[in-house]
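Please treat every number below as a calculation from the coordinates, not as lab data. Owing to the predicted nature of the structure, the values given are computational and were not obtained by experimental measurement. All Cβ positions, even for glycine, are placed from backbone atoms using ideal geometry, and neighbour counts span all protein chains on display.
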Amino acid sequence: MNSSDSVSRGWQLLATRLVHAGRPDVVQPDGNAQGVFVNSPVSRGSTVLFPDLATMKRNGALRYEHETIYGAMGSPIQHDLERAVAEIEGGTDTQIVSSGLAACTTALLAFTSAGGHILLPDSIYGPTRRFADTMLRRFGVTTTYYRPEADIEELAGLLRSTTQVIFAESPGSHTFEVQDVSALADLAHDVGAKLLLDNTWGFGVFEPFRHGVDVSIQALTKYAAGHSDAIIGAITVADRDDWQTLRDATIQLGQLAGPDECWLTLRGLRTMSVRLAHQARSTLECALWLQTRQEVHQVLHPALPGAPGHEIWKRDFTGAGTVFGVVLKDRYTSRDMERMIDSLKLFGIGASWGGFESLVLPTSGGISRTAGDMLAAPAFRLNIGLENVTDLCADLEEAFSVLESSAHERLSGV
């Protein structure tokens, strides 16, 4: 299998499931067939009417079965999306929430309590770090940050008798460290803790529950919705007790997503395998080209042989994503890099990724580290979209000329 096949195989394997998951069934439970639209209809509403109180009570008792007695507990289109995501993740139940960050924070609130302790990777998504440092701290939950590349012995030394959660994000935000999730799961379960994984980069190409994950978290905004027009998140579990804990927490927090966002995400799922297979190949091609550039110190893409975390990626993942990091050589400054980024024509400057469009975002100055070292040289993150990859590389080549000119002017005192 060549490198191009290795990054797209998982997306291709998903194609049939993505087309059919969560779709309306033309055969009803009573065995009768009826015509249905290909796509689930959007159901907008707050109030649910019942023929009698007994029916209302029965539905109210089914809050763990994706049923509802009020719109704030979910809608039919939301439940269709939940079934589809649970199938893709390999879990039993999914809770759709309002955003990727809400998926992180809701899961943490569900599985921690006052006096508890959690371990978070130092490379974690910045807003999740802020939530741990502010709200969880106010609620009496203590956080320890660990180096994402730390071995199990080092991590074991950070555990406490009060540790309730080990949180993983693999690959890590901006710096793309790949973690040994199976080993983390064993460590967590040995002390009675839960392993929570932000699996957004690996959605569809990493099977969390086969590796011992208890709770898998998704920013469906990225790959699933895919068109940069919806903000939505998901939390998936594979254990009935965990589902009841999660479902109770989301109802108590009033967490859900609007029907239009759910519909857009379901529509995006249908084409996700085609989009991501193409984008994964383009991403790898762009990353390989960047490795040849004299301006580049290191390309942080787990699917690249020799890159940090490559061996774990090769063992555990069936494909790769669209976003990766680039570290420049230390002769350049952040100002040189900023001038380079500003000169790009095809890469929009934006904080998201996973959509159909290419994006760039500086890493230098935008990340926090307390357990490990900061990047010593300027770095940036790229999301590779559906544009022609030759055009994207040409755009980057012109921008590298601006980078070099900026460094030359600075070093020569011009």
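What is the sum of charges, Lys and Arg at +1 and Asp and Glu at -1, for the other residues whose Cβ falls under 13 Å from the Cβ of Arg130? With Lys, Arg at +1 and Asp, Glu at -1, the net is +2.
Using the Cβ of Thr94 as centre and a radius below 10 Å, the other residues enclosed give a net charge of -3, where K and R count +1 and D and E count -1.
About its Cα centre, what dipole magnitude does the chain give when the only charges are +1 on Lys and Arg Cβ and -1 on Asp and Glu Cβ, stated in debye to the nearest 20? Provide the component values of the computation, followed by the final result.
On the way: 34 positive and 49 negative charges, 119 e Å.
Charge dipole of the chain: 580 debye, to the nearest 20.
Please rank Ser113, Ser123, Ser4, fewest neighbouring Cβ atoms within 10 Å first, as an exposure proxy. By the 10 Å Cβ count, ascending: Ser113, Ser4, Ser123.
Can you check what the net charge comes to around Ala394, using other residues whose Cβ is under 12 Å from the Cβ of Ala394 (Lys, Arg +1; Asp, Glu -1)? Each step should come with its number before you reach the end.
Details: positive: Lys345; negative: Glu387, Asp391, Asp395, Glu397, Glu398.
Combined, the nearby Lys, Arg, Asp and Glu give -4.
Counted residue by residue at 0.36 nm each, then reduced by the alpha carbon distance between them, the extension gain from Glu398 to Leu62 reaches 115.1 nm.
Which value results when the Cα radius of gyration for the stretch 39-270 is divided by 2.2 N^0.38 Å? Mind showing how you got there, number by number?
Working: Rg = 17.7 Å, N = 232, 2.2 N^0.38 = 17.4 Å.
Taking the Cα Rg and dividing by 2.2 N^0.38 Å, one obtains 1.02.
GNM remark for the chain: springs join alpha carbons under 10 Å apart, and the peak mean-square fluctuation among Ala110, Ala185, Ala168 falls on Ala110. Residue-normalised convex hull volume from the C-alpha trace of the chain: 152 Å³ per residue. Ordering Thr68, Thr200, Thr271 by the number of other Cβ atoms within 10 Å of each residue's own Cβ, fewest first, gives Thr271, Thr68, Thr200. From least to most packed, judged by other beta carbons within 10 angstrom and beginning with the fewest, Ile69, Ile88 follow the order Ile69, Ile88. Given the stretch 272-412, what percent of its DSSP beta bridges are antiparallel, to the nearest 5? Bridges in the stretch 272-412 that DSSP calls antiparallel: roughly 85 percent. Here the stretch 353-401 and the stretch 297-324 have alpha carbon centers that stand 16 Å from each other.
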